[in-house]
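The values are calculated or read from the model by the stated rules, or taken from the named source; none is laboratory data. Note that this is a predicted model, so its numbers are computed, not measured. Heads up, the Cβs are rebuilt from the backbone with ideal geometry, glycines too, and the neighbour counts pull from every protein chain shown. Surface areas here come from the heavy atoms of the whole protein model, side chains and all, with no ligands, DNA or RNA. Shrake-Rupley method; radii C 1.70, N 1.55, O 1.52, S 1.80 Å.
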Amino acid sequence: MNKRLGWILLASLPLGACDPGAQDPSLWFEARTLSDGEFANVSGTAEKDFVSDSFGAGVALRDFNGDGHLDIFAIGGGDAQGKANGDALFFGDGTGGFERAPRELSLEATPGGRAYGVNARDFDGDGDVDLYITRRGPNRPLCNQGDGTFEDQSEVSGLGDPAWSTGAAWLDFNGDGILDLFVVNHIEFDLDAVNERGKSLYLGQNVYYGPTGLPAQADHLYLGQGDGTFELADVGPELGSNPHYGFGVIVFDEDQDGDLDLYVANDTTPNQLWRNDGGAGMSDQAARLGCALSMEGGPQAGMGVALGDADGDLQPELFITNFSNDYFTLYRRGEDGFWRDRTTRSRLHALTWKSLGWACGFGDLDSDGDQDLWAFNGHVYPQMDAVPNGPSYAQVAQVFENDGSGRFSVPEHGGGPGMGTPRSGRGGAVGDLDHDGDLDMVMGVLDGSPVVLENSGRGGNSLMVELVGEGGNREAIGATVEGQVGSKIQKRWVGSQAGFLSSSDPRLHFGLGEGQQLDQLRILWPNGSRLDVGPLQAGQIHRIDQATGQVQSEPRDH
Amino acid sequence: MRLIQPLFFLTILLVACSGGSDTEETRSPQDRARDLIIEAQEVATTGNTPKAAELLARSLALDPDHVGAWHSLGEMRLLSGLDGVFEALDRAEAMGLDSARFHQTRGEAYEAEEQDSQAKLEFAMALEREPFRKEAWFRLAQVERRLGNEFAAAESLAEFARIDQAERSLMTSLQAAEAQPEDAMLAAATASAHLEMGYVEEAQEWVDRAFAMRNNIPEAHMVAGRIARLQGDPDTALVHFELVTSLSQYDPRPWIERSEMALSAGDHQAARNYAHQATDVAGADPRVFLAQARILIALDALDDALASCEAALMRDPKREETLQLHAHIWDLMVKANEPAGKDD
């Protein structure tokens with residue numbers, strides 16, 4: 001029944017001129033298309049007649065069947081009329097090989113809406129990875145049965161948000177030890193009404209109408225009740241009163257007051273920073289604190305969002321992908337609590353101006369001890385290919401190498417042939433697929449099969465840290481971790497979802513360069529307790545249990 | 001978008017010095033520098049600002065007296081995160097550049113260096129030279145907030161929002177007025193939109209068009225009165241404002257204008273009376289109470305200003321501008337009640 005998939009190497013890649021062996025680059029990705037000949041994301045019409053056709057293709061990179069290897073879950077898409085394609089699960093073998101899950105384990109499409117995004121976290125706290133699938137139509141919470149099969153909890157959980165949902169993030173909002181869920185919603189989409197509006201004009205081309213001009217839908221927060229059910233939270237009037245076209249979402253304790261806040265990237269409307277008032281309410285502080293708008297005061301087309309420490313000062317930076325002929329924004333939080341637009345200073349302004357970005361993330365892709373950036377790109381309008389000197393519809397993925405001070409550059413050869421092939425990139429996730437210690441990536445492609453981007457660059461030493469939280473928050477969402485090597489400290493935030501409609505492996509990757517160990521790891525758990533451990537050796541996965549304080553270390557290729 | 005304009009003024013400079021094409025050997029350094037500037041301009045619009053900076057530097061090596069190129073070099077370096085921003089801007093300043101755009105760029109450069117006090121001064125200078133420069137208002141608001149000046153930040157942000165809205169209104173009304181040139185109301189609205197953006201001459205042209213079609217449009221008289229005020233002709237202004245009131249008795253704006261005129265003239269009682277008249281005719285509009293509060297602050301009637309502000313808040317409890325003004329009045333009241341400082 002199982003059909004073994006061989007990697008389908010993209011032919012005709014210009015390897016000869018820039019052989020990684022000859023150049024020995026530190027950032028080098030090779031692409032492999034993941035296909036069993038059946039599954040591919042299909043999103044509406046080729047012409048993208050509707051805004052609903054223009055994005056989706058979320059992916060998740062987690063170990064769903066508990067065999068110790070990362071697997072891939074990919075969203076199948078659908079059309080504007082509401083037809084939903086089935087999604088696909090590919091089991092990894094730990095060497096970079098994948099096989100489609102047996103048919104009986106596959107997630108068939110269910111009526112009621114097409115899927116866009118996926119959040120893969122252990123939300124029921126039973127030790128395996130569950131799925132929350134966002135759709136235009138009721139969302140689907142799916143509990144893992146431990147072997148990669150899932151039980152649909154839509155009817156009983158109260159999490160079947162009926163709006164057009166995009167991003168979703170788990171967090172313990174009210175500090176009761178039970179995970180809650182923040183659902184980002186997008187547009188109130190009425191096909192007849194949209195049809196009546198006709199087309200929009202962009203760069204002389206007739207393109208789909210929206211989102212501007214269509215009503216936005218408010219985001220929702222659901223509070224876990226501890227029995228597998230959730231209730232819509234009342235967190236004050238602000239959340240529902242001014243809806244935006246939401247996409248990406250991240251959670252972190254922005255104001256360091258002990259509770260988790262949220263940052264939402266919104267399309268063509270201001271981004272929002274929802275500060276949590278101790279679980280009692282929330283208010284949007286983005287405009288006041290300087291992270292809502294571009295440096296000129298206009299809203300951008302926020303798609304994906306990522307959180308990391310770009311300049312090594314232990315303060316967070318936010319990276320947000322936006323539309324073409326605009327820049328991807330890098331905000332830095334100052335110690336005064338205000339966010340500053342650091343895009344020009346980081347040199348990302350020029351590097352991102354032509355791209356229309358979606359999934360993105362921080363990651364030490366060359367394991368040299370600082371946080372690089374990546375972004376998957378692709379225009380929303382196929383009609384752009386007809387515009388002379390216009391942006392192309394398919395676009396190359398990008399990786400930006402950090403020089404250690406928070407200034408970025410495109411690495412030699414653009415990061416390898418895997419990055420340089422134009423595609424309709426949308427979703428994206430990161431993890432070590434082949435246990436070689438570096439971070440690989442998976443791209444969800446609109447109207448295509450997922451693409452694995454295998455990291456084969458000359459990277460430094462590294463290690464992984466897996467946090468096991470207490471109670472219902474088993475993946476320690478909201479924890480912060482500082483790893484110290486000598487005098488240098490690297491900081492990580494354990495989030496729930498990052499980038500665009502996708503889920504990465506939440507294990508924390510620390511690049512060590514030539515170093516052989518992390519001298520010390522300081523963990524601030526979500527409940528405020530602290531744990532210091534170390535040293536931790538390179539080349540291993542270190543599993544740290546909050547309840548016992550124990551560290552279990554094993555080789556990464558175990 | 002940011003890159004549409006960077007080399008805009010260079011284009012103007014280039015028009016003046018454009019010449020014919022010659023062979024590379026016979027062409028002057030200035031001509032070759034000009035070509036590089038043109039190339040930089042093209043490159044900049046594609047977002048490749050580092051390349052544009054490189055081209056500009058090459059151009060300046062050939063023609064170091066090009067003030068606009070020095071400014072653009074600073075701007076391109078700033079956008080690219082390159083060093084040497086201030087060096088380039090200082091060269092431009094030394095050659096006499098003192099435009100709003102120049103100060104905006106230098107303000108942004110100071111911001112990038114996290115020197116907010118210096119940035120504030122630069123944005124203020126940009127706005128002195130170009131009061132409708134909305135980007136400067138936005139940046140000034142960010143800086144003021146980081147400096148702890150919440151009220152100034154709110155005021156700057158309100159001005160940014162007002163200009164932003166005025167820009168949109170201007171585009172809309174221009175399109176509508178051009179589509180329906182016989183519509184006097186649209187002409188008056190277009191005059192008003194121009195005036196909101198500070199385009200006084202254009203506003204006068206459109207108001208003349210409106211009056212040529214009809215002379216009883218309140219909006220046209222409102223614009224005419226405001227133009228007269230700007231031109232230092234209070235008598236004409238007053239005539240127009242009185243006409244607005246006779247044509248549209250519930251319009252508070254002429255009362256606010258008259259109140260401000262009385263304030264300028266030192267007639268405080270009249271200023272107060274006219275401000276109250278404004279709220280009498282439009283008691284539901286929080287913006288009128290806000291305007292009244294500002295006038296009362298100028299009259300040093302802080303208790304009354306606070307009451308007006310609270311009336312505005314009752315009508316729109318979440319308006320940031322009002323909340324900040326409310327806090328500002330409290331600050332003023334506290335300061336007014338502080339004992340005089342001791343000499344050290």
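State whether the residues of the stretch A:333-355 include one that is of a type outside the set (Gly, Ala, Ser), more than 14 Å from chain B (Cβ to nearest Cβ) and part of a strand (DSSP E or B). Scanning the stretch A:333-355, I find no residue that is of a type outside the set (Gly, Ala, Ser), more than 14 Å from chain B (Cβ to nearest Cβ) and part of a strand (DSSP E or B), so the answer is no. Does B:GLY225 fit the bill of being within 25 Å of B:LEU299 (Cβ to Cβ), part of a loop (DSSP other than H, G, I, E, B) and not hydroxyl-bearing (Ser, Thr, Tyr)? Spelling it out, it is not the case that B:GLY225 is within 25 Å of B:LEU299 (Cβ to Cβ), part of a loop (DSSP other than H, G, I, E, B) and not hydroxyl-bearing (Ser, Thr, Tyr). Filtering B:LEU290, B:LEU313, B:LEU306, B:LEU332 for residues that are assigned to a helix (DSSP H, G or I) and either touching a Cys at 6+ places or on another chain (Cβ under 6 Å) or surrounded by 21 or more Cβ atoms within 10 Å (Cβ to Cβ) (or both) leaves a single hit, B:LEU290. Give me a count of the residues in the stretch B:33-51 that are open to solvent by 20 Å² or more (accessible area, probe 1.4 Å) and within 13 Å of chain A (Cβ to nearest Cβ). Residues meeting the conditions: 7. Evaluating A:PHE323 against the criteria (1) within 11 Å of chain B (Cβ to nearest Cβ); (2) outside any loop (DSSP other than H, G, I, E, B); (3) surrounded by fewer than 24 Cβ atoms within 10 Å (Cβ to Cβ); (4) not hydroxyl-bearing (Ser, Thr, Tyr) leaves one unmet condition, (2). Search the stretch B:80-91 for residues that are more than 10 Å from chain A (Cβ to nearest Cβ) and pair each with any residue that is open to solvent by less than 80 Å² (accessible area, probe 1.4 Å) and outside any loop (DSSP other than H, G, I, E, B) when their beta-carbon atoms are under 6 Å apart and the residues are at least 6 apart or on different chains. Filtered contacts from the stretch B:80-91: B:GLY84/B:ARG77; B:ALA88/B:TRP70; B:ALA88/B:LEU73; B:ALA88/B:GLY74; B:LEU89/B:GLY74; B:LEU89/B:ARG106; B:ARG91/B:TRP70. Pairing each residue of the stretch A:442-459 that is farther than 30 Å from A:GLY44 by Cβ and open to solvent by 10 Å² or more (accessible area, probe 1.4 Å) with any residue that is in a loop (DSSP other than H, G, I, E, B) and among the hydrophobic types (A, V, I, L, M, F, W, C), provided the two are 6+ apart or on different chains, yields C-beta distances under 6 Å for A:SER456/A:TRP28; A:GLY457/A:LEU27; A:GLY457/A:TRP28.
Note on the stretch A:484-511: among residues that are assigned to a strand (DSSP E or B), open to solvent by less than 20 Å² (accessible area, probe 1.4 Å) and among the hydrophobic types (A, V, I, L, M, F, W, C), the one that is nearest to A:GLN371 (Cα to Cα) is A:PHE510.
If you filter the stretch B:132-166 down to residues that are small (Gly, Ala, Ser) and under 18 Å from B:ARG319 (Cβ atoms), you find that the one that is farthest from the other protein chains (Cβ to nearest Cβ) is B:ALA152.
Restricting attention to the stretch B:167-175, does a residue exist that is within 12 Å of chain A (Cβ to nearest Cβ), of a type outside the set (Ser, Thr, Tyr) and under 30 Å from B:LEU323 (Cβ atoms)? There is at least one residue in the stretch B:167-175 that is within 12 Å of chain A (Cβ to nearest Cβ), of a type outside the set (Ser, Thr, Tyr) and under 30 Å from B:LEU323 (Cβ atoms). Hey, can you tell me all the residues within the stretch B:210-222 that are open to solvent by 40 Å² or more (accessible area, probe 1.4 Å), in a helix (DSSP H, G or I) and under 15 Å from B:SER248 (Cβ atoms)? Of everything in the stretch B:210-222, just one residue is open to solvent by 40 Å² or more (accessible area, probe 1.4 Å), in a helix (DSSP H, G or I) and under 15 Å from B:SER248 (Cβ atoms), namely B:GLU219. In this structure, A:VAL481 does not qualify as open to solvent by 20 Å² or more (accessible area, probe 1.4 Å), β-branched (Val, Ile, Thr) and over 18 Å from A:ALA60 (Cβ atoms).
Here A:ASN144, A:ASN119 are screened, and the one residue that is modelled with pLDDT of 95 or more, polar (S, T, N, Q) and open to solvent by less than 10 Å² (accessible area, probe 1.4 Å) is A:ASN119. In the stretch A:491-499 there is no residue that is modelled with pLDDT of 95 or more and among the small types (Gly, Ala, Ser). Taken over the stretch A:525-539, residues that are assigned to a strand (DSSP E or B) and buried (at least 20 other Cβ atoms within 10 Å of the Cβ) amount to 1. Would you mind finding the one in B:VAL200, B:VAL239, B:VAL207 that is modelled with pLDDT of 95 or more and open to solvent by 60 Å² or more (accessible area, probe 1.4 Å)? Sole residue among the options that is modelled with pLDDT of 95 or more and open to solvent by 60 Å² or more (accessible area, probe 1.4 Å): B:VAL239.
Considering the stretch B:109-131, the residues that are within 14 Å of another protein chain (Cβ to nearest Cβ) and within 25 Å of B:ASP65 (Cβ to Cβ) include one that is nearest to the chain's Cα centre (by Cα), namely B:ALA126. Whether any residue in the stretch B:245-267 is farther than 30 Å from B:ALA188 by Cβ and either of a type in the set (A, V, I, L, M, F, W, C) or under 28 Å from the mean Cα position of the chain (by Cα) (or both) is what I want to check. Within the stretch B:245-267, one or more residues are farther than 30 Å from B:ALA188 by Cβ and either of a type in the set (A, V, I, L, M, F, W, C) or under 28 Å from the mean Cα position of the chain (by Cα) (or both).
Strands (runs of 3 or more DSSP E) fully within the stretch A:221-302 that include at least 3 residues being in contact with a Gly (Cβ under 6 Å, 6 or more places away or on another chain), under 23 Å from A:ALA479 (Cα atoms) and of a type in the set (A, V, I, L, M, F, W, C): A:245-252. Could you tell me whether the stretch A:363-370 includes any residue that is open to solvent by 10 Å² or more (accessible area, probe 1.4 Å), more than 11 Å from chain B (Cβ to nearest Cβ) and under 15 Å from the mean Cα position of the chain (by Cα)? Checked against the condition, which is being open to solvent by 10 Å² or more (accessible area, probe 1.4 Å), more than 11 Å from chain B (Cβ to nearest Cβ) and under 15 Å from the mean Cα position of the chain (by Cα), the stretch A:363-370 yields no hits at all.
Residues that are β-branched (Val, Ile, Thr), surrounded by fewer than 22 Cβ atoms within 10 Å (Cβ to Cβ) and over 24 Å from the mean Cα position of the chain (by Cα) do not occur anywhere in the stretch A:174-186. Does the stretch A:422-472 hold any residues that are touching a strand residue (DSSP E or B) at 6+ places or on another chain (Cβ under 6 Å) and not in a strand (DSSP E or B), and which are they? Once the filter is applied, which keeps residues that are touching a strand residue (DSSP E or B) at 6+ places or on another chain (Cβ under 6 Å) and not in a strand (DSSP E or B), the stretch A:422-472 yields A:PRO422, A:SER424, A:LEU433, A:GLY437, A:ASP438, A:LEU439, A:LEU446, A:ASP447, A:SER449, A:PRO450, A:SER456, A:GLY460.
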